[in-house]
Each structure stands twice: as C-alpha cells, then as structure tokens.
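Undergrad: Take a look at the following structure, please.
The values are calculated or read from the model by the stated rules, or taken from the named source; none is laboratory data. These numbers come from a predicted model, not from an experiment. Don't worry about glycine lacking a Cβ; one is built from the backbone with ideal geometry, like all the others, and counts go over all protein chains shown.
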Amino acid sequence: MALLSLALLCAFTIGAGTAVARMLPARLALLQVPAVAVRGLPTPEPVLRAAVGALGGQPGSGPQPGVTKAGLSAAVSGLIGARALGTDVGAVVTDLATGDVLYASNSAAPLAPASTAKLATSIAALDVLRPGARFATRVVTGATPSAIVLVGGGDPTLAAGPPPASDYPQPATLASLAAATAVALRARGRHRARLGYDTSLFTGPALAPGWPASYVTTGNVTAITALEVDQGRLTARGAPQDSDDPGNFLPRSSDPAASAAVAFARLLGRHGIKIIGPPARLRAPAGSATLAQVSSPPLAEIVQWMLTESNNVIAENLARQVAIATGQPATFSGAAAAVMATDRRLGVTGIDLVDSSGLSPRDRITPDALVQLITAAAAAGHPALRAAITGLPVAGFSGTLAAGQDAFGGAGPAALGVVRAKTGNLATVAALAGVAYARDGQLLAFAVIADHLPKNGLQAAGSDLLGVATALAGCGCR
C-alpha cells in the first residue's frame with residue numbers, strides 16, 4: 001500500500017507539472033509590461049531631510065533649515081511664556097546640523113538644571129574614561145593570613161544577587177564575586193576568614209551641599225561611596241533589591257558600604273566560607289594579592305542606564321571616576337570641578353556645579369550650555385560621546401519620558417518616538433533638553449529650564465515643557 005501510494009503521488013505530481021507548463025505561455029502573454037509615464041509626476045514633500053552635521057558631516061554642510069526663526073518663535077513663544085512655568089524661564093533651539101540658533105529667550109541665564117545636569121556628567125565621563133571603560137570590585141588578601149578585604153571600585157551598578165534576566169545591562173554581582181572568592185580560598189585550604197571592606201577610593205562627605213537627609217529617606221539617592229549595591233535600594237524587608245526599579249521610593253540604605261559587606265559575608269557563607277565576626281571598615285594593605293574580581297558593564301551602557309532612568313547614584317559615581325582620572329579629589333567638589341573642566345575643554349561654557357547629578361538646588365547651567373553639550377555629543381568629531389544621545393529617554397516610550405510618568409509622561413502625538421530628551425525636576429524646577437525631529441525631518445536641539453515654578457506646579461510645568469517639545473516635533477514653522 002505504501003509503494004502504491006507513493007507511485008500515485010508521483011504520477012499526480014508529474015501530471016500537474018505538465019498541465020501548468022502548458023498553461024504558462026498563455027498566462028505570460030497576458031502580463032502588462034510596466035511603461036514609463038509620459039507626463040510628469042508630482043514632487044513629494046521631503047520626509048526626512050538629512051541632518052548632515054549631526055549624522056557625520058560638518059556643521060554648515062547640510063541643507064538650509066526649513067524652520068524659520070519667525071515661524072519657530074510663533075510656535076513656541078506662547079508656550080514658553082505660560083504661567084505654569086513661572087517668571088524665570090530660559091530656552092534655546094538650534095538646528096543641530098548647522099548650529100544656527102533658531103530661537104532664544106534668556107538662554108544665557110544660569111538656572112537650576114535639576115537632572116539635566118546629568119548631560120554634563122555623561123559627556124565628561126565618556127570623553128575622559130572612554131565608552132568601553134569598566135569598574136572592578138575586588139577581594140584581596142588582608143593584613144593577616146585569615147583576613148580578606150572587599151575593595152570598592154566605584155561601580156555604581158554593582159548588585160548583590162542576580163537581577164531579573166530582563167534587566168539591561170546586566171550588572172556585576174556580589175554573588176558571582178563570592179563564588180569566585182570561595183574557590184580561591186578553598187584552593188588555599190581556608191574555610192574561615194575575617195572580612196574587611198575598603199571604601200577609600202572616594203573621600204569627603206557622603207551627601208552633597210544642598211542635599212537634605214530626606215533625599216535618602218524618600219528613595220532619591222543613597223550616601224555616595226565607592227562600595228554599594230543596587231544603588232542602595234532596599235526592599236520593604238530591608239534587603240538589597242537586586243532589581244533595577246527606579247520607581248522604588250522606599251528609604252535607601254543609610255550605610256550602603258556596610259550593607260554591601262554584610263550581604264557579601266552572607267553570600268560567602270552559602271559557599272562554605274564562614275566569616276568570623278562582623279565586617280570591619282578598613283584600608284586594604286598595599287600590595288595585597290587579588291583573590292577574585294568582577295567588572296561592571298561598559299561605560300557607554302552605564303551612561304545610557306543613568307540617563308534613561310535619571311539615576312543619581314550612577315551620576316555621582318561616574319563624576320568621581322572622572323575626578324580620579326584627571327587628578328582631582330574624589331569628592332563632590334573635586335568631581336564637579338573635573339566635570340566642568342572637561343566640558344570646558346570640549347567648548348562648553350555656562351556650567352557651575354556643586355554636585356554631578358543635579359540634585360542640589362545650588363547647581364547652575366544655562367540653556368545654551370545644555371544645547372552645547374547635545375551638539376558636542378552629536379558632532380562627527382566626537383563619536384565617543386554618542387551614548388549621551390542614544391541614552392536619552394524617548395517620548396512616549398522609555399525612561400522618564402515613558403507614558404504614565406508623573407511629570408513628563410504626556411507627550412503629544414507629534415512628539416512620540418521623535419523627541420529624545422533628558423528631563424529634570426526638583427520641587428520648584430522643571431527642565432527638558434534634547435533633540436526633536438521637526439515635521440520635515442530637520443533635527444533640532446533644544447533646552448528649556450524653568451526654575452521658579454509656582455507652588456505645587458510641577459505637573460503643570462512638566463506638561464507645558466512637553467508641549468514645547470511636541471510643538472518642535474510638529475513644526476513646519478516656515
């Protein structure tokens with residue numbers, strides 16, 4: 001039966017093929033060969049004009065801007081003058097390809113930038129440290145044969161245990177470090193150890209000028225130290241969170257280095273290494289041998305992480321790494337000085353910082369400076385800075401511009417997917433700086449800061465700033 005079925009199938013296939021072959025010439029004769037139209041076709045409007053300067057050319061080499069100064073002023077002046085933004089507002093819009101200023105209002109005024117200051121920190125870190133830089137957390141031998149020391153390397157993304165697989169980038173973990181350390185200790189015949197922890201890479205106060213203690217208790221930041229896990233975020237039970245959750249506003253660890261050391265001791269215990277006594281803060285002896293180490297993701301990924309969710313702890317750690325690399329003290333003041341000096345070297349002026357995350361109300365940046373930072377990151381001559389653009393939240397889709405965010409989650413349809421910007425907000429400050437494609441594809445750089453908002457006016461101000469970004473994205477503005 002099987003052979004008979006196979007023979008019938010073959011016969012059917014051959015017959016069908018013969019029938020189709022006989023039909024083909026007649027069918028082909030019916031085909032209409034395309035012909036070129038005799039009359040002219042209408043010329044379409046440009047969909048995306050190339051922003052040559054921003055995409056690899058030189059400023060001034062691209063097409064003339066389609067947005068005019070008068071048209072842009074008519075589109076945004078009323079929005080920037082809205083009552084919800086208060087009386088102290090600065091704004092600037094430029095053509096990113098040519099550098100031409102298309103709109104400016106109070107753009108050279110030093111204003112409180114809030115988290116848009118993270119643009120300054122990102123640019124400095126990428127320029128000095130380079131995009132592939134990684135930060136190592138090590139375990140080294142101690143002063144006695146029974147002692148080991150956990151040495152903080154200023155990795156702001158270090159986690160205690162494995163985070164969810166969906167988190168990106170995947171950070172280094174104390175769990176991996178404990179496993180490798182246990183292997184190294186057992187190879188030396190040791191199953192017990194005294195644990196110390198070294199935070200000496202960073203110095204100075206743990207909180208910046210202008211930071212109230214409530215920043216820690218409201219989940220905005222933790223004390224800045226060279227050793228911490230999960231940016232000091234804790235679960236309701238007080239354990240390291242081990243998940244990248246920017247919506248966790250529970251109080252953070254008041255002593256993140258000690259919390260990390262306790263977590264590490266517990267993890268070593270799971271691998272059969274008993275820790276004698278509580279971990280002690282100390283400095284690792286000079287010339288200590290490294291038993292194990294783990295390394296952070298590349299800097300470019302860390303910068304994108306920091307900008308997308310506006311991570312304050314990451315910003316302050318990166319600024320201290322810039323300070324160390326440029327010979328400044330690894331303190332708040334040294335880090336701020338290093339960031340400002342690096343940005344000045346890149347041609348950016350108008351920055352006066354006391355911290356590097358924008359949390360301090362004493363920070364000052366001009367809108368002009370924010371656009372200069374964006375222009376530097378987009379320039380063909382600075383490819384190492386590109387993560388400061390690609391890490392920006394996308395309107396309606398990611399980070400602090402995602403739909404449903406408290407202050408900046410309501411972008412209009414024209415802005416969705418075509419505006420990328422860094423948000424910033426304090427109690428009386430709202431700021432937005434980034435890039436927007438105008439209606440014809442012209443790429444605009446913009447910055448708007450309002451630093452004297454009416455009382456309880458943040459929601460309305462955030463909505464108005466998104467209105468400005470939406471107007472830019474929908475702008476024909478001839």
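Undergrad: Can you name the condition, by its number, that Ala377 falls short on among (1) in contact (Cβ under 8 Å) with a residue 60 or more places away in the chain; (2) in a loop (DSSP other than H, G, I, E, B); (3) within 20 Å of Thr342 (Cα to Cα)?
TA: (2)
Undergrad: Also: Determine whether Ile123 is in the same structural domain as Arg420 (by TED's automatic domain parsing), crowded, with 21+ Cβ neighbours inside 10 Å and farther than 28 Å from Ala315 by Cα.
TA: In short, no.
Undergrad: Has the range 434-448 got at least one residue that is in contact with a Phe, Trp or Tyr (Cβ under 7 Å, 6 or more places away or on another chain), farther than 23 Å from Asp88 by Cβ, surrounded by 22 or more Cβ atoms within 10 Å (Cβ to Cβ) and not acidic (Asp, Glu)?
TA: There is at least one residue in the range 434-448 that is in contact with a Phe, Trp or Tyr (Cβ under 7 Å, 6 or more places away or on another chain), farther than 23 Å from Asp88 by Cβ, surrounded by 22 or more Cβ atoms within 10 Å (Cβ to Cβ) and not acidic (Asp, Glu).
Undergrad: Oh, and also: Can you tell me which residue is nearest to Tyr215 (Cα to Cα) among those in the range 341-369 that are in a loop (DSSP other than H, G, I, E, B) and out of contact with any helix residue (DSSP H, G or I) (no Cβ under 8 Å at 6 or more places or on another chain)?
TA: Start the filter on the range 341-369 by keeping residues that are in a loop (DSSP other than H, G, I, E, B), which leaves 346-350, 353-363, 366.
Among the residues that remain, those that are also out of contact with any helix residue (DSSP H, G or I) (no Cβ under 8 Å at 6 or more places or on another chain) are: 360-362, 366.
Working: Ser360: 10, Pro361: 12, Arg362: 15, Thr366: 25 Å.
For the range 341-369, the residue satisfying everything is Ser360.
Undergrad: Name the one entry in Ala179, Ala160, Ala172 that is of a type in the set (A, V, I, L, M) and in contact with a helix residue (DSSP H, G or I) (Cβ under 7 Å, 6 or more places away or on another chain). Steps first, answer last, please.
TA: Values: Ala179 fails: in contact with a helix residue (DSSP H, G or I) (Cβ under 7 Å, 6 or more places away or on another chain); Ala172 fails: in contact with a helix residue (DSSP H, G or I) (Cβ under 7 Å, 6 or more places away or on another chain).
Of the residues listed, the single one that is of a type in the set (A, V, I, L, M) and in contact with a helix residue (DSSP H, G or I) (Cβ under 7 Å, 6 or more places away or on another chain) is Ala160.
Here's the yes/no breakdown for (1) of a type outside the set (Gly, Ala, Ser); (2) crowded, with 23+ Cβ neighbours inside 10 Å; (3) more than 24 Å from Asp451 (Cα to Cα):
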| residue | (1), (2), (3) |
| --- | --- |
| Pro131 | yes, no, yes |
| Thr137 | yes, yes, yes |
| Ser146 | no, no, yes |
| Ala165 | no, no, yes |
| Pro169 | yes, no, yes |
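Undergrad: Give the residue that is modelled with the lowest pLDDT, with candidates limited to residues of the range 221-248 that are in contact with a Ser or Thr (Cβ under 6 Å, 6 or more places away or on another chain) and part of a loop (DSSP other than H, G, I, E, B).
TA: This residue is Gln241.
Undergrad: Assess whether Leu267 counts as being more than 27 Å from Ser214 (Cα to Cα), surrounded by 17 or more Cβ atoms within 10 Å (Cβ to Cβ) and not small (Gly, Ala, Ser). Reasoning before the result, please.
TA: Working: more than 27 Å from Ser214 (Cα to Cα): yes; surrounded by 17 or more Cβ atoms within 10 Å (Cβ to Cβ): yes; not small (Gly, Ala, Ser): yes.
Here the answer is yes, as Leu267 does meet what is asked.
Undergrad: Still on this structure, I have one more. So which pairs qualify, if the first residue must be in the range 346-373 and without any contact (Cβ under 8 Å) to a residue 60 or more places away in the chain, the second must be part of a loop (DSSP other than H, G, I, E, B) and among the polar types (S, T, N, Q), the Cβ gap must be under 8 Å, and the two must be at least 6 apart or on different chains?
TA: Hits for this filter: Gln372/Thr349.
Undergrad: If you don't mind, another one. In this structure, is Gly153 over 19 Å from Gln304 (Cα atoms) and either at pLDDT below 95 or not assigned by TED's automatic domain parsing to the domain that holds Ala292 (or both)?
TA: Numbers: over 19 Å from Gln304 (Cα atoms): yes; either at pLDDT below 95 or not assigned by TED's automatic domain parsing to the domain that holds Ala292 (or both): no.
It is false that Gly153 is over 19 Å from Gln304 (Cα atoms) and either at pLDDT below 95 or not assigned by TED's automatic domain parsing to the domain that holds Ala292 (or both).
Undergrad: Let me ask something else about it. Looking at Arg252, is it surrounded by 23 or more Cβ atoms within 10 Å (Cβ to Cβ), not assigned by TED's automatic domain parsing to the domain that holds Ala323 and not aromatic (Phe, Trp, Tyr)?
TA: Here the answer is yes, as Arg252 does meet what is asked.
Undergrad: Just need a number here: residues in the range 64-99 that are touching a Leu at 6+ places or on another chain (Cβ under 9 Å) and of a type in the set (Ser, Thr, Tyr).
TA: Looking only at that region, the number is 3.
This table checks each residue for (1) over 21 Å from the mean Cα position of the chain (by Cα); (2) assigned to a strand (DSSP E or B).
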| site | (1), (2) |
| --- | --- |
| Leu102 | yes, yes |
| Ser107 | yes, no |
| Ala120 | no, no |
| Ala124 | no, no |
| Ala133 | no, no |
| Pro156 | no, no |
| Pro164 | no, no |
| Pro169 | no, no |
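Undergrad: Based on what the data block shows, is Gly424 free of Cβ contacts under 8 Å to residues at least 40 places away in the same chain and either farther than 30 Å from Thr98 by Cβ or not aromatic (Phe, Trp, Tyr) (or both)? Outline the logic, then answer.
TA: Values: free of Cβ contacts under 8 Å to residues at least 40 places away in the same chain: no; either farther than 30 Å from Thr98 by Cβ or not aromatic (Phe, Trp, Tyr) (or both): yes.
Answer is no for this residue.
Undergrad: Next question, about the same structure. Just checking, which of Gly404, Gly462, Gly424 is closer than 21 Å to Pro246 by Cα and in a loop (DSSP other than H, G, I, E, B)?
TA: Checking each option against the conditions leaves just Gly404.
Undergrad: Okay, next question. For the range 133-157, name all the residues that are among the polar types (S, T, N, Q) and either more than 22 Å from Lys274 (Cα to Cα) or out of contact with any helix residue (DSSP H, G or I) (no Cβ under 8 Å at 6 or more places or on another chain) (or both).
TA: Pass one, the range 133-157, residues among the polar types (S, T, N, Q): 137, 141, 144, 146, 157.
Answer for the range 133-157, where residues must be among the polar types (S, T, N, Q) and either more than 22 Å from Lys274 (Cα to Cα) or out of contact with any helix residue (DSSP H, G or I) (no Cβ under 8 Å at 6 or more places or on another chain) (or both): Thr141, Thr144, Ser146, Thr157.
Undergrad: Let me ask something else. Being hydrophobic (A, V, I, L, M, F, W, C), over 23 Å from Pro361 (Cα atoms) and in a loop (DSSP other than H, G, I, E, B) is the requirement here; does Leu201 meet it?
TA: On the way: hydrophobic (A, V, I, L, M, F, W, C): yes; over 23 Å from Pro361 (Cα atoms): yes; in a loop (DSSP other than H, G, I, E, B): yes.
Yes, satisfied.
Undergrad: For Val140, only one of the following conditions fails: (1) in the same structural domain as Gly269 (by TED's automatic domain parsing); (2) farther than 30 Å from Gly334 by Cα; (3) part of a strand (DSSP E or B). What is its number?
TA: The failed condition is (2).
Undergrad: While we're here: Among the residues of the range 303-312, is any in a loop (DSSP other than H, G, I, E, B), closer than 23 Å to Asp242 by Cα and more than 28 Å from the chain's Cα centre (by Cα)?
TA: Going residue by residue through the range 303-312, those that are in a loop (DSSP other than H, G, I, E, B) are 310-311.
Keeping just the survivors that are closer than 23 Å to Asp242 by Cα gives 310-311.
Imposing the further condition that a residue be more than 28 Å from the chain's Cα centre (by Cα) reduces the set to none.
No, the range 303-312 contains no residue that is in a loop (DSSP other than H, G, I, E, B), closer than 23 Å to Asp242 by Cα and more than 28 Å from the chain's Cα centre (by Cα).
Undergrad: Another question about this same structure. If I ask for residues that are in a strand (DSSP E or B) and within 12 Å of Leu85 (Cα to Cα), which ones from the range 441-459 would you list?
TA: Step one: filter the range 441-459 for residues in a strand (DSSP E or B), giving 443-450.
If the condition is that a residue be in a strand (DSSP E or B) and within 12 Å of Leu85 (Cα to Cα), then Val448, Ile449, Ala450 are the ones that fit.
Undergrad: Please specify each residue of the range 254-265 satisfying the condition of being over 17 Å from Ala292 (Cα atoms) and either in contact with an Asp or Glu (Cβ under 7 Å, 6 or more places away or on another chain) or free of Cβ contacts under 8 Å to residues at least 12 places away in the same chain (or both).
TA: Narrowing the range 254-265 to residues over 17 Å from Ala292 (Cα atoms): 254-259, 262.
Pro256, Ala257 - these are the residues of the range 254-265 that are over 17 Å from Ala292 (Cα atoms) and either in contact with an Asp or Glu (Cβ under 7 Å, 6 or more places away or on another chain) or free of Cβ contacts under 8 Å to residues at least 12 places away in the same chain (or both).
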